[in-house]
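Okay, structure first, notes after.
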Amino acid sequence: MMVVITYDVNTETSAGRTRLRKVARQCTNYGQRVQYSVFECLLDAAQLKHLQHRLRQLINPETDSLRFYYLKDNGRGHVEHFGAKAATDLEGPLVL
């Protein structure tokens with residue numbers, strides 16, 4: 001399933017900046033960054049639960065937030081993009 005993950009991590013302290021980097025690194029392992037704190041991920045149910053668990057361990061629920069948006073049909077036809085950083089087809093061939 002296509003999942004859009006957004007996060008807001010309070011970076012007023014060095015601990016917050018560390019949390020921000022760790023959250024971003026975890027999201028990068030599962031999908032592509034489409035904006036600074038927004039990732040598009042193609043995940044199966046097990047991957048989703050694992051990522052949610054890991055992210056919830058990293059954030060401070062008193063100051064940070066996570067949002068998961070679930071797009072039907074892997075998001076096809078549901079996402080419009082304008083401007084820089086065009087999206088990559090997550091189901092297409094991986095070319096390095």
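The values are calculated or read from the model by the stated rules, or taken from the named source; none is laboratory data. These numbers come from a predicted model, not from an experiment. Virtual Cβ from ideal backbone geometry, glycine too; neighbours counted across all protein chains shown.
Return only the number of the condition from (1) exposed (fewer than 15 other Cβ atoms within 10 Å of the Cβ); (2) within 9 Å of the chain's Cα centre (by Cα) that E62 does not satisfy.
Just one mismatch for E62, condition (2).
Does region 43-58 include one or more residues that are at pLDDT 65 or above and either on the phi > 0 side of the Ramachandran plot or of a type in the set (G, A, S) (or both)?
Within region 43-58, one or more residues are at pLDDT 65 or above and either on the phi > 0 side of the Ramachandran plot or of a type in the set (G, A, S) (or both).
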